[in-house]
Amino acid sequence: MKYIKFIFILFIFLTGSSAEFKPDDFNPKYSEDIENRIDSIINNLRVKTNKEGVFQSSTLSDRMKFYHTPGVSIAVINDGKVEWARGFGIRNDRTNDSVNVNTFSWRVQ
């Protein structure tokens, strides 16, 4: 199994919106293996606690709610190439436009 070398997370900070994930035609479907990895990442985040070296499990949706972040875009770079990219939540609370892979221009060097 290849190891993920870099994870680039770009947050959009808007207020007054929920962090609900909406299906979107611009978020591509990947192989079952990649979809399982995406699911594992967004549902098993490690959150630091007040105790040294102790973490608790959380979901991306819960963390977005905690930070009042309605939308986030994630790209995982593996071996210098984008392995997968996906948007979660919304980018505009007035129109409910969802975040997707076309929301931002990605530049990986």
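The values are calculated or read from the model by the stated rules, or taken from the named source; none is laboratory data. Here the structure is a predicted model, which is why all the values come from computation and not from measurement. With ideal geometry, Cβ positions are generated from the backbone for all residues, glycine too; neighbour counts draw on all protein chains shown.
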What's the number of the condition Ile74 fails, among (1) in contact with a Ser or Thr (Cβ under 9 Å, 6 or more places away or on another chain); (2) among the aliphatic types (A, V, I, L, M); (3) not in a helix (DSSP H, G or I)? (1)
Which pairs turn up if I take residues in region 24-53 that are free of Cβ contacts under 8 Å to residues at least 60 places away in the same chain and look for partners that are among the acidic types (Asp, Glu) and surrounded by 10 or more Cβ atoms within 10 Å (Cβ to Cβ) with beta carbon separation below 9 Å, at least 6 apart in sequence or on another chain? Lys29/Glu35; Tyr30/Glu83; Ile34/Glu83; Arg37/Glu83; Leu45/Asp62; Val47/Asp62
Given the condition closer than 16 Å to Asn100 by Cβ, at pLDDT below 95 and in a helix (DSSP H, G or I), answer yes or no: does some residue in region 40-48 qualify? yes
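Quick check on Leu60: is it closer than 22 Å to Thr103 by Cα, at pLDDT below 90 and either touching a strand residue (DSSP E or B) at 6+ places or on another chain (Cβ under 9 Å) or among the charged types (D, E, K, R) (or both)?
No, not satisfied.
Have a look at Phe88, Phe66 and point out the one that is within 13 Å of the chain's Cα centre (by Cα), at pLDDT 90 or above and not β-branched (Val, Ile, Thr). If you could, list the steps in order and put the result at the bottom.
Numbers: Phe66 fails: within 13 Å of the chain's Cα centre (by Cα).
Only one candidate qualifies: Phe88.
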Which listed residue is loosely packed, with under 13 Cβ neighbours inside 10 Å, at pLDDT below 85 and at positive phi, from Gly80, Gly16, Gly53: Gly16
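Can you tell me which residues in region 56-102 are hydroxyl-bearing (Ser, Thr, Tyr), touching a residue at least 60 places away in the same chain (Cβ under 8 Å) and over 15 Å from Ile42 (Cα atoms)? Talk me through it step by step, then tell me what you get.
Of region 56-102, the ones hydroxyl-bearing (Ser, Thr, Tyr) are 57-59, 61, 67, 69, 73, 95, 98.
From what is left, the residues that are touching a residue at least 60 places away in the same chain (Cβ under 8 Å) are 73, 98.
The one that is hydroxyl-bearing (Ser, Thr, Tyr), touching a residue at least 60 places away in the same chain (Cβ under 8 Å) and over 15 Å from Ile42 (Cα atoms): Ser98.
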